[in-house]
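First up is the structure itself, then whatever we jot down about it.
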Amino acid sequence: KITAFRFRTAHAAAPLVLFDYGLCCVSSSAPRARAIVGTPEYIAPEMGLGVYDDKVDVWSVAVCFYAMLAASFLVEVDHLSSQQTGAVMRIVTRDELERALKNEALNYAISPSAVSCMKRLLVFEPASRPSAAEAHDLICDDDAWRAIAAPTLERSASSPAVLAKGAHA
């Protein structure tokens, strides 16, 4: 989750580091049964069925991405209310995801290619969501960013290239 990341120092060029591994464990790409654990805002829909594989982590990364681009969470969770009532863990629905992906704030995000990448990772059906390795390649590969940005960016005669190399950094 977003609060598990910090900049190493206050310097403008300081690296961003993950410092809280929480419920971290070794994962395989094969789904396995597991209790629903985690922070409600970041839990993948399939966790409601007790399914856990690397794609739930891809979902969580995409939720972080969404929050950074839209300046809001995918869904709002009332933690106090659920703790008081002993409510079951809240899982995002397909309709909520579809509404969130239409959030007008995404139209004004600083990077259309980042929005496209986030939407590629934030897929309701785990079978259609990239694996962790595919997500890593998508996020870290300049060519992949240019490819996913192509449908969303207008090309003009004065600017034939969709993105310059390294533009997503």
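Net charge within 9 Å of K55 by Cβ-Cβ distance, Lys/Arg positive one each and Asp/Glu negative one each, not counting K55 itself?
Overall, the nearby charge balance is -3.
Among 116-126, 95-105, what's the highest-first ranking by average C-beta atoms within 10 angstrom per residue? Mind dumping the intermediate values first?
Numbers: 116-126: 19.3, 95-105: 12.9.
Ranked by mean Cβ neighbours within 10 Å, highest first: 116-126, 95-105.
All other residues with a Cβ under 12 Å from the Cβ of A135 taken together, and with Lys, Arg as +1 and Asp, Glu as -1, what is their net charge?
Combined, the nearby Lys, Arg, Asp and Glu give -2.
Grab the other residues whose beta carbon is less than 13 angstrom from that of N103, score K and R as +1, D and E as -1, and report the net.
-1
Readers should treat all values here as calculations from the given coordinates under stated rules, not as data from a laboratory. A quick note: this is a predicted structure, and the numbers were derived from the prediction, not measured. FYI the Cβ positions are ideal-geometry reconstructions off the backbone, even for glycines, and counts take in every protein chain you see.
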